[in-house]
Each structure stands twice: as C-alpha cells, then as structure tokens.
1. I need two numbers for chain B: Rg to one decimal and Dmax as a whole number, Cα atoms only, in Å.
2. How big is the gap, in Å, between the Cα center of the range A:423-477 and the Cα center of the range B:168-208?
3. Take the Cα coordinates of the range B:471-521, assign each an equal point scatterer, and use the Debye formula without solvent to give log10 I(q)/I(0) at q = 0.32 Å⁻¹.
4. Kindly express, to the nearest 10 degrees and within the range 0 to 90, the angle between helix A:476-487's C-alpha long axis and the longest C-alpha principal axis of chain A.
5. Between the range A:102-124 and the range B:427-452, what's the alpha-carbon centroid distance in Å?
6. Give me the three principal axis extents of the protein assembly as shown from the C-alpha atoms, as integers in angstrom, largest value leading.
7. Averaged across A:418-428, how many Cβ atoms of other chains sit within 10 Å of each residue's Cβ atom?
8. Shape of the range B:166-215 from its Cα gyration tensor (a ≥ b ≥ c, root eigenvalues): rounded if a/c is under 1.5, otherwise prolate when a/b > b/c, or oblate?
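Every number here is computed from the coordinates shown, using simple stated rules; none is lab data. Bear in mind that the values here come from a model prediction, so they are computed numbers and not experimental data. With ideal geometry, Cβ positions are generated from the backbone for all residues, glycine too; neighbour counts draw on all protein chains shown.
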C-alpha cells in the first residue's frame, strides 16, 4: 500500500479534493467522455431458451452494440449466485453461473467485443458477498476461525438488539443476527449480502486477487458496485437523525424510506475507504492498456463528493451516480444539479447516468409529461442528446436507445426484493429490467423461445422493438447512431470544459462545451411548448439537432422537445 | 350458574390429544393432511382413550406460519377442507365421546387479513387503530427495542402508512391492538361463532401476548443468562419482556372470554403461556373467572425431566383449593420431540413412564400426535425446512419441522400411509418402523401400553380430579397421593436406570392392577424397577 498520508476526516478529504484542480486532457483518455452501454444480461437476449438472458445471447448481439457507436459496454454480474439480488449476491467471483453459460462463452464474448473495437467492463462487487459464499460460511462458524474477521461482526447490545441504529437502504435494520456465532453481522443491503471487512488486509488481498483474475484475462475494467459502502465506521457509532428532507434527496426506496431519516455519517462514505480505493487503482494501473474503474456512488450527495472517489488519478477513474435520476423533482433542481456537477468536476470524474438497472426508465422519470403527451420518442432523443453532450459522457442502459417507457407491473410480476419490502410506495427495479424487445411480431419480443420470460415483456414495448426502429430513419435508435457518430470527432465534446447556463428560462437547458480554440453551444427545450432564446447572430448548426429549430430575428426558436448544437455564426 | 352441570369438570384431568392437521392424514393426495383425514381416524383417537382433541389451526391462512397466521377466522382453509367437513368431524367426535378444542390465534392475524389490509392503508380508516402502529424514532429506526421471537426487531415499517407496526412473530403476523374495544369485541364474536357451532373450547395461542405497553417503553436487558434451552440461540432472550407482552390488562380480556364461554355448557379455555415468568402468570391467568387450564414451557423445552423437577413445578403452580389447573405437556408442534430431546431414542419406556406420570398429576395432559408412538425427532435437511423460524436460526436452531412430520400409519406403505402424494415434509425411515400398524400388532408396544394405561386411568376418578400431596421425591423416584374424600391413591414412578425403593406411607394399602407397569410390594417396601410404576389404594 502507498505510504502517502491521506487526510483523516471527510471534510479534510473534500478540502484536499478541491485543492487539486485538473485540466482537460489532450489527447483524450478513452474513458473520460466515453459513451458506455449497460447490458443487463438477465434481460438482454436469451440464446438457450431458459427465459433468462445469457452470455451467448450477448455474443449474438455484439454487432448491434457496436452499431450503436458506443465505446464499450458494462456487463451486469454473471457470476454464480443464489440470485436473491439477481447476481449482486455472489458465491464465486471467479466463474460463470451455469444459468448464464460457461467460461468458454465468456472468452468468446471478450474476443468478439475486442474484435469489434468494443471495451468490455465487468461488474464487480467488492463490498459484500452472498451469505452462501464459502468465506461467509467459514466466517460464521466461530469467532476464532481463520476467516472470523472477514466480515463485520459485532455483539448484541445489552438488550439483545443490534449494535447500533444503522438501517439497510432496502428496509429494516442493517444488522442480522447469526445464531451460529451468536453475533450480529452487518449488511448494508439485503440480509443475504453480508459486508466484507475491507480494512482487513487479508480480505482486501483476496478481493484484489479476484479482480486480477479477470484483468489477467483481458477485461478492460470494472463497474464497481456501491463504492459508498466499501467500509463503515470502525467504532460502529450510531448515525444522527437527519434534519431535513434535503439531507437524503438522492436516496431511493420511495418517499418515506426510513433510511432517509438518518445522516449517514458512519455507514456510508467513510474515510477508511480511501486506502481501499487507492489499492484498487494501483492494481488496475499495473496492467497495460487503459483499464478503468467506474464506481457506483449512491445514497449520498454524489455530485459534490464524487471527487473524493476519483481524486488525482489515484483512486477510481470515474463514478456514476443517481443524482440526475433521483433529483428530478423539478426542472430547476435538475439544472441546479447539472451546474453543481460541472463545477465540482475539478479533478475527479462523473459519468452521466439518466437510468440504470436500479432506477426507472429515463423518459418516464425525467420527462413524464412528454410520455403522457405521446411523445416518448422525441423525449428520448432529447435526453440522449443531453447525455451525449454533457461533460463526462454517459452510461446508456439497454432499451433507452429505443426510448422505452416505464411499464406498469402487477405485484404478482414483481421479483425485486426491494420492491417487495416497500410496495406500493416504491415499485422497485423490475420495471426497467423487463427483457429487450428485439422483434415486434413476437409476444416475447424475440428475447426468448421459452414459454415465459423471467419478467414479462410489456406490450407497449413491442411497438418500439429493435427491428421496427432499424427500418425507420427517424427512430430513436437511428438518431442515437448518428449522434454518437457525430460526437466522436468533436473536440469540444471529447476534451472540452463545460459551463451550464443559468440565465435561460425553464424548461430550456443550455450549456457550452469548449476548448481553447473551439466552442459548441447546446440548447434543449425539455418542455412541450415552443420557446425562444436570444441569439444575436444566426448560428452554424451541427447536423445532429432537430431540423425545426430555427434562427429568426435575433432569436433561436425551439419547438417542444427540440434541441440543437451549434457554433457561433460569423 | 356456570359449571354446575354434570361433567362440567371434565377438563380438570382431561387427556387432550393434539392433532396437527397438516400432518395427520391426507385424503386428497396433495401432501397435506385435512379435516376428512382426522374424521377418518376418529376411531383410532377414541381407542387411545383420550377425552378431547385439540386441533391446530385449520382456518384460512396464507400458511406463512402454518396456519398460525389467520386471514379469515370464520372459514376453513381450502387446503384442509370445508366448513361441512368440520361439522362432520365435530359430529363424529361427539358421537365417540371426544370433545373438540379448537386452536384460536387471537394475538395476531396474517398480514393478508382484511382487517390488516384496511388498517395499513392509512391512518384515518375505520380499522386504523386495530393493530399496533407507531411512528419511527427521529433517526428512522423502530419505536423501541422490542424484538421478535422469530428474529430481528418486532417492528416492521409499512410504506403505505409511513409507520411501523408491531409483530411479535413473523412480520407477516401483525399484532392486533387489544387496547381497542372494537378489536376485543370482534375477537369475542369470532369465538362465539365457533361456540355456537358446537366446539368444546379453545386452546389460546400465545395468550400472554395479547396486550402491549401503550407507552411503548423499552424492555430492560435480562441480567441473567438465558435459562430456556429453547431461546439460547435467540437475542430475544437477552431482554426481560416487561413491556411488550404479559401486561396486567391481559386478564381483563381473558375474563370477558371466560364470561362468553360460560354462557355455554362444559366448554373450556386452555391457554398457552410464554416461557419467562410462567409460574406467576399461570397463577394469575388460571385464577377463578379466567382460564380453565394453561400450559407453560416448563417441560417442553427441557433436556432432562427429573422427579424433583416435576414435583417442584407442581408445588410452585399450587394445588390448594382455588389454585388454577395446569395442563402438562412434554411435546407439541413447537418443540423438538421429547423422545430425542431427553435422549430416550433407545429407551422409549423411559419416555413412557414420564408421560404416564404427568397424566397422574393434578391437571390435564396434552399428548401430541406421534407421542403415543414414541416418535423421535425427525431430521430434516435445510432444503426441506418449511418453518421460517427454523430457516432464520439454522443450524443453531433447526426450527419446528422435526416434530411436525406426518403421522406414520402403515410401516410398509409409501410415506407411511400418510398421503398418496408427496408429503409436505418427509416421513423418515425411523418413523415408518414405528408406524401405527406395526405397534398395533405388538402387545408390548408403547402405543398399546399407553392405551392400556389410559383405559385403566379412566376408571380412577380420584386421579382425574382429586387433590395432590407429594410423598417421597428424590432424584429418580416420584411419588404422590391423589385424594378425594375418603379415596386415596398412591402413585409412584421410577425415572432412574437402576431399581429403586420406596417406603409405603402409613395405612392399609391395596395394590392396584391393570395399568401395565412393573412394581412390587413387600410389606412396607415398594420395589420399582427402572421405568416402573406402582399404584395402590388406601383402605378406609
């Protein structure tokens, strides 16, 4: 481990981060502005007829992914797992769950991706395992076995209750009683997902060993699960209550999740995680090629704190977060978050996620009024346009390239344990996890030949199926392909700085991307009514905007849900 | 005037056979026992010589706790049959002189009960106060430190109301708010429905759990190491359950229930008490005007049952005029089978002598289905465990399935003749060899010895209802007098592995025969071989 002293407290960490400003890179590092596609394997494509997607299903669709124009894709977990949290509860970090295929399938996938110039990022869960993992089975046996300190164990309080007030963001106490050890074990998520103690060097070595297993095989990096939870307070101090709703605006689980009522000083985002992050980075850096670590940062004020996790190229390369997803209560608030991100993106890096396998569909979440007005496709284009032009690039969840809307599922269809805990105030994560609609003419969307896919394919998704959109030049899919092709060579987007304009009226969004000698302006009307914005001279439009955007008499006229990128005219 | 009818005291020394319907006999082939299955075996039950059957819950339930989570108190669960099936069963039992005691789970309902579905929907509906709702603490955590018997906090947050509700057991079993008179009345109406139908009484599930402290005060820590074997694995035992259960107001509801029961003839209330403070609660709950009978966990969780222990408990419970009547039990559907628990798998006679001794004490006795066969605990692999309590604490506590496996009727038939389908829990090979048909054919089998003894006992009115006075009690020998008027019967048992001796008390004693146990008198000396017993009547 590095001998460098890192500051002790969270404020000191922020101060350090703010003192280290960074400059745009030229030439660009591939990951900084990359557009990354998220493949949720269980719902992508089923090649074996089990009703669940699999590795060979992804292989069959590699050309499709390449044709999107993305730089690479992140593949959700395919490791052996009891699937209580659908693969985020892992029992073996070094093999393939038979439900998803074989190790040979994985080799073929990696090779196929690289042959198409696509980077492949795996989903790695450093902070917890399944309770069926052999490490946990050994650790729970006694208080003095060789792995006794591999997880976070603590005695009961004097009254038999848990050691402190920490809550699981999935509901209930974050402590589960283990009758064998007669101690409580900590689980920040489901009770079947006990947290590893990464401050134990043996544990960190073992986790790093698993990381190296896949790096040796040639993967291009990892999406790291829940990096706000890598460590917890060693003294297990109770969290204080939160004072206002503002404290936890970014926490999911419905409006009243009790988790929101605490200030998560001691169970999230603790300083002990910093050496762990640095150790992970050192490991990845020791490999050739630009291998990357992109962390998931949730349950906290990620737009401001991301920099702690990505500082100075010593920690993660980038994070992605939920601020643009959960912070969508009002347009003003959303633009405010964009502004904060822009200003805090000093030496760290944040990728823009408008949705992912844990959220609801982007158009339904961010532009519900457009969906209600029957303009989901236009709304989807506008959002993809924003995502592809904002500083940091974006992560596109499968199906968002089709403009899929959030389906309404019945409770009987629900598989997500989080939803089962908080239903109906929170409908959980199944809505975005319904299988990809590949063919419109098939009740099962061409996803599977099994009689029943693991989640139903919403009827309304069939009319947005891939085969229809490929034929339609005006489709969301073909728009995205043109958009990503365009941005590939645009230096202001690839390496430029960013300024969010706060002087434009809602619901217009405008920002600038610029280098020393080039500047692109982006203007988007996220409302349904036409708006205009003062612009002195007629601009030079980039070929990716909506044609109906016009300049006339000192103003740019933007119909509802239209957008444009342009350079200043002479 | 209540209790003035002939036979009104039938319950005092009753032998109550507990039937777990899910595992008794399956007539439909779905792997789950049913009411028609019980009806079909009534002759078997009658032949045991019992006075009553207690049937574990058969009303409508999502079966998260195998029927102890009721979603409709007035309907029979389709798994078990129909209300007509129950009528037939009741009639068939009464024809054979068997009373029928129904299990009433009043402390909580299923979370699928219509009352709860309404209550959880908001804070202003008509049933808003029917369950125990409370706001979160400032930090979002539950209102206090109360724990669930089945693991974790006993508070579950409900997103629809943004409040926590109390559940002493599974989160699927919300606690009813007994401080609300409407709730009490609704439950009394439920009981009236079944009394009108003709059931002879109720076994009241966890009846000390009805009331909670309305101030929701934290329970204090338990300063002592947990005593009950049953709870050592469970943090529940680290608290003194001062505020979550057994509140003083509890008895007021029991009195109302007794008044209702007394409107009918010869009905009985049998309460289940919890482990902590059981003796005090027993006195309190079986006082005049409250429960007829109650049982605690004294012997149910024990890994050793000595003569001294039985005498001490009996003395503690009291047996003077006005003291309540206990119900003795070594086995039921919540505890591992006594034959294994006490280490008597190779010596079932040691189990039998203890069971028989219990039936001679002052009070009723529960005999759990399969005990008459001296079934050992069944080993169930984790994959087959159906009990959520067991899955929670496995393997320190493997749950209650090991005592809930199906009855073995025929040793050679698939699944012991319990079902034509795949049973919900397996019939293990050791159980099949102990099946009813095999024991039927064997004169000295536990089944036949118990039948013979109960037949003999039914003729001894003094043993059923008389007073009790303990005589010689040491590590192995338990002896006591049962007396009523001029009649005195000496009951003596040897729990030891060696021969034992006992001095006859003063008086002129006549040896009683026909009970099937070995013991011999030589002048004033009673010689008891291991697992032997001796009975004598004092001549007037």
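1. 23.2, 78
2. 48
3. Treating every Cα as an identical point scatterer, log10 I(q)/I(0) equals -1.49.
4. With both axes taken from Cα atoms, the answer is about 90 degrees.
5. Cα centroid to Cα centroid, the span is 64 Å.
6. On the principal axes, the protein assembly as shown reaches 130, 59, 55 Å in Cα extent.
7. Mean partner shielding for this stretch: 2.
8. Prolate.
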